[in-house]
Amino acid sequence: MSWLTDDDDEDDFGFDEADIRMRPNPKANRPRTKRRPAHADASIARVLGVDRGRYQVLLDEDTPEEHDVVATRARELRKQPIVTGDRVRVVGDVSGDTGTLARMVSIEERRTLLRRSADDTDQVERVVVANADQMLVVVAAADPEPRARLVDRYLVAALDAGIRPLLVVTKTDLADPADFLAHFEGIDIEVFTSARGEMPLERIGASLVGRSTVFVGHSGVGKSTLVNALVPTAGRATGHVNDVTGRGRHTSSSTVSLRYRGEGGSGWVIDTPGVRSFGLGHVDPANILRAYTDLALIAEDCPRGCTHLPDAPDCAIAEAVADGRLGPSGAARFDSLQRLLTTFAGGR
Ligand code: GDP
Ligand code: ZN
């Protein structure tokens with residue numbers, strides 16, 4: 001495997017993401033879920049989490065009747081992945097009373113679908129989270145050292161899914177993040193910095209309102225500390241580092257949905273376990289280019305099949321950068337595009 005991971009000893013995503021055994025359709029940036037015959041009596045619910053085939057779903061969201069229900073999937077949905085963030089129709093006993101079990105009979109169409117492959121050469125994809133609007137990437141200024149390439153992988157996955165990326169650099173009390181952040185010049189990404197005792201909770205919180213945000217980051221970067229500060233009831237375990245291996249360890253091994261409640265309203269925080277790997281075998285490079293609107297427009301004049309990489313002949317973007325048409329930030333933007341494209345191409 002040629003792609004970068006921190007310690008690819010195991011797949012930390014566990015059982016709560018679903019395999020899709022299919023070849024990706026290059027145009028299927030937002031896969032459509034198959035519609036099932038309507039159940040007139042079905043209620044719409046939000047999938048909060050999955051644990052060994054049992055789904056925790058939320059009914060009557062944002063009403064006084066809001067409550068959790070445990071549900072299983074109906075037989076006809078057995079082959080379809082259902083993940084955190086999915087909107088599903090449930091029937092049966094939806095009281096949520098102890099010992100009751102509701103049944104999910106259909107999945108609503110997804111707005112976005114965050115996916116990963118086992119590795120970059122693997123086109124079998126796994127579904128991580130449905131309907132996320134944003135991906136908040138948490139990285140530490142030090143301890144562990146930040147690595148731009150790892151962040152690139154998250155960015156590519158987010159851009160491919162049509163999800164807006166945000167970046168939080170924690171532990172700026174330990175190191176100055178300026179050099180690291182210079183890597184992301186030209187990428188349209190909102191950046192927050194956070195230090196012990198000085199977390200920008202209001203600013204980050206404001207960007208969570210009205211949205212569903214999936215938090216990702218390697219273990220040890222302070223993601224749980226941040227989640228607990230934003231959602232005081234979250235109770236995510238922090239600081240679990242294995243003394244023998246020195247590796248961070250999450251006691252929580254599955255993806256969970258948490259409600260952020262701030263001054264401006266509420267939003268959903270979807271916390272994922274420390275992601276050790278983010279295979280990009282399923283990514284369509286065109287989706288990366290699409291994130292750079294102005295460059296994508298110019299790329300229409302590129303030779304057919306242009307990779308836009310430094311060795312590409314007659315690349316229209318390279319020409320536009322060379323003659324200054326893209327303005328002072330053009331070169332930086334092209335640079336970051338090439339870096340993301342290389343990240344992707346590197347695994348091929
Ligand atoms: P996670 O594995 O990403 O969830 O990381 P944790 O939230 O468990 O944090 C790992 C360690 O980093 C803990 O000991 C935290 O107290 C510490 N930590 C978190 N944020 C900061 C920070 O801004 N500055 C410093 N110096 N330490 C931090
Ligand atoms: Zn080109």
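The values are calculated or read from the model by the stated rules, or taken from the named source; none is laboratory data. Computed from a predicted model, the values in this text were never measured in an experiment. All Cβ positions, even for glycine, are placed from backbone atoms using ideal geometry, and neighbour counts span all protein chains on display. Ligands, DNA and RNA are excluded from the accessible area calculation, which covers all protein heavy atoms including side chains. Shrake-Rupley method; radii C 1.70, N 1.55, O 1.52, S 1.80 Å.
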>> Can you give me the solvent accessible area of Thr238 with a 1.4 Å probe, rounded to the nearest 10 Å²?
In response: 60
>> Using 0.36 nm times the number of residues separating Asp323 and Glu198, minus their current alpha carbon distance, what extension gain do you get?
In response: 40.6 nm
> Where does each of Lys171, Lys79 land when they are ordered by accessible area, with a 1.4 Å probe and the largest first?
Replying inline: Lys79, Lys171
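Heavy-atom accessible area per residue, the range 148-229, 1.4 Å probe: how many Å²? Each step should come with its number before you reach the end.
Working: 3110 Å² over 82 residues.
Accessible area per residue, the range 148-229: 38 Å².
I need the calculated FRET efficiency for the pair Asp93 and Ala296, taking r as the beta carbon distance and R₀ as 51 Å, to the nearest 0.05.
Values: r = 50 Å, r/R0 = 0.97.
The value I calculate is 0.55.
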> How would Glu66, Glu263 rank on accessible area, largest to smallest, probe 1.4 Å?
Replying inline: Glu263, Glu66
> Taking the Cα-to-Cβ direction at Thr233 and at Ala182 and moving 7 Å from each Cα, how far apart do the two end points lie in nm?
Replying inline: 4.6
> With every protein chain present, what is the per residue accessible area of the range 280-348 (1.4 Å probe, Å²)?
Replying inline: 50
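How many percent of the accessible area of the range 49-193 is carbon or sulfur, using a 1.4 Å probe?
Values: 2590 of 5880 Å².
Result for the range 49-193: 44 percent of the exposed heavy-atom area is carbon or sulfur.
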> Mind listing the phi-derived Karplus ³J(HN,Hα) values for the range 312-322, rounded to whole Hz, using 6.51, -1.76 and 1.60 with θ = phi - 60°, and x for any glycine or proline?
Replying inline: 6, x, 6, 5, 5, 5, 4, 5, 5, 5, 4
> Using a simple spin-label model with points 7 Å from Cα along the Cα→Cβ vector, what separation in nm is obtained for Glu263 and Leu309?
Replying inline: 4.8
>> With an 8 Å Cα cut-off and a minimum separation of 6 or more residues, compute the relative contact order for the range 37-76 in percent.
In response: 29
>> Need one number: nm distance between label points at Thr72 and Val209, each 7 Å from Cα along Cα→Cβ, rounded to one decimal.
In response: 4.3
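With a 1.4 Å probe and all protein chains kept in place, how do Val91, Val209 rank by accessible area, largest first? The partial results should precede the final answer.
Details: Val91 10, Val209 40 Å².
Reading off the accessible areas and sorting them downward yields Val209, Val91.
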